[in-house]
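Student: Structure in structure tokens, see below.
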Amino acid sequence: MDLFRSLLFVPGNQPRMLQKASLCDPDVFVPDLEDSVAVGDKEEARETVRAHIELLSSTGRPVIPRLNSLDTGLLKDDLSAIAVPGVFGVSVGKVGDIGDIAEIIALMDSAERNAGLEIGSIKLLPWIETASGVINS
């Protein structure tokens, strides 16, 4: 089992930072499409992250993009953009209960299918960030 001790979060709308990140040696690269990207920059950030996945994964380190939470309505587009070879998994925040997990997995399966990837090839790293999420977990 691999240990993820150091995660390098990089704003997804910053191509120079993503390029420079490939020179670092974290346990995991986390291109961020969530909080570090303004709502108006989400589409550009998706394209930028997608364009840098091959570079980051060529380092041999897992690439786990941080996506927008289910309740934002942005998750489906995030998944469609990053469902490419080289993505180890996705980080999704504000997961509230098992129903959220089931819905996220269904969206992941659809994105993988549409991209021609094996279903289940992209791992899910959910974040429980709310009191209700803790109670429901």
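Student: Restricting the search to region 14-57, which residues are without any contact (Cβ under 8 Å) to a residue 24 or more places away in the chain and basic (Lys, Arg)?
Tutor: Those that are without any contact (Cβ under 8 Å) to a residue 24 or more places away in the chain and basic (Lys, Arg): Arg16, Lys20.
Student: Taking the criterion of being crowded, with 17+ Cβ neighbours inside 10 Å, outside any loop (DSSP other than H, G, I, E, B) and not aliphatic (A, V, I, L, M), would at least one residue in region 23-30 satisfy it? If you could, list the steps in order and put the result at the bottom.
Tutor: First, the residues of region 23-30 that are crowded, with 17+ Cβ neighbours inside 10 Å: 26, 28-30.
Those left that are additionally outside any loop (DSSP other than H, G, I, E, B): 28-30.
When the remaining residues are screened for being not aliphatic (A, V, I, L, M), the result is 29.
Yes, that holds for at least one residue.
Student: Continuing with the same structure: If you check Leu8, Leu3, which single one turns out to be surrounded by 12 or more Cβ atoms within 10 Å (Cβ to Cβ) and either part of a loop (DSSP other than H, G, I, E, B) or among the aliphatic types (A, V, I, L, M) (or both)?
Tutor: Just one listed residue meets the conditions, Leu8.
Student: Exactly one of (1) at pLDDT below 95; (2) surrounded by 14 or more Cβ atoms within 10 Å (Cβ to Cβ) is unmet by Phe88. Its number?
Tutor: The single condition Phe88 does not satisfy is (1).
Student: Mind checking which pairs have a first residue in region 113-137 that is hydroxyl-bearing (Ser, Thr, Tyr) and a second that is part of a loop (DSSP other than H, G, I, E, B), Cβ under 8 Å, 6 or more apart or different chains?
Tutor: Hits for this filter: Thr130/Lys94; Thr130/Gly96; Ser132/Gly96; Ser132/Asp97; Ser137/Asp97; Ser137/Ile128.
Student: On to the next question. Select from region 91-111 the residues that are surrounded by fewer than 16 Cβ atoms within 10 Å (Cβ to Cβ) and of a type in the set (A, V, I, L, M, F, W, C) and write down the one among them that is nearest to Gly12 (Cα to Cα).
Tutor: My answer is Ile105.
Student: So which residues in region 30-50 are touching a Phe, Trp or Tyr at 6+ places or on another chain (Cβ under 9 Å) and within 19 Å of Val84 (Cα to Cα), if there are any at all? Can you show your working first?
Tutor: Restricting attention to region 30-50, the residues satisfying the condition of being touching a Phe, Trp or Tyr at 6+ places or on another chain (Cβ under 9 Å) are 30-32, 36.
Val30, Pro31, Asp32 - these are the residues of region 30-50 that are touching a Phe, Trp or Tyr at 6+ places or on another chain (Cβ under 9 Å) and within 19 Å of Val84 (Cα to Cα).
Student: Could you check, for region 87-100, whether at least one of its residues is of a type in the set (Ser, Thr, Tyr) and in contact with a helix residue (DSSP H, G or I) (Cβ under 9 Å, 6 or more places away or on another chain)?
Tutor: No; the residues of region 87-100 include none that is of a type in the set (Ser, Thr, Tyr) and in contact with a helix residue (DSSP H, G or I) (Cβ under 9 Å, 6 or more places away or on another chain).
Student: Scan (1) assigned to a loop (DSSP other than H, G, I, E, B); (2) among the β-branched types (Val, Ile, Thr); (3) under 15 Å from the mean Cα position of the chain (by Cα) for the single condition Thr59 breaks and write down its number.
Tutor: (3)
Student: Residues to consider are Lys76, Lys94, Lys42; find the one that is in contact with a Leu (Cβ under 8 Å, 6 or more places away or on another chain) and either of a type in the set (Asp, Glu) or on the phi > 0 side of the Ramachandran plot (or both).
Tutor: None of the other options fit; the residue is Lys94.
Student: Go over the candidates Asp71, Asp77 one by one and state the one that is exposed (fewer than 14 other Cβ atoms within 10 Å of the Cβ) and of a type in the set (D, E, K, R).
Tutor: Just one listed residue meets the conditions, Asp71.
The values are calculated or read from the model by the stated rules, or taken from the named source; none is laboratory data. What you see is a predicted model; the values in this text were computed from it and never measured. In this analysis, Cβ positions are derived from the backbone assuming ideal geometry, glycine residues included, and neighbour counts consider all displayed protein chains.
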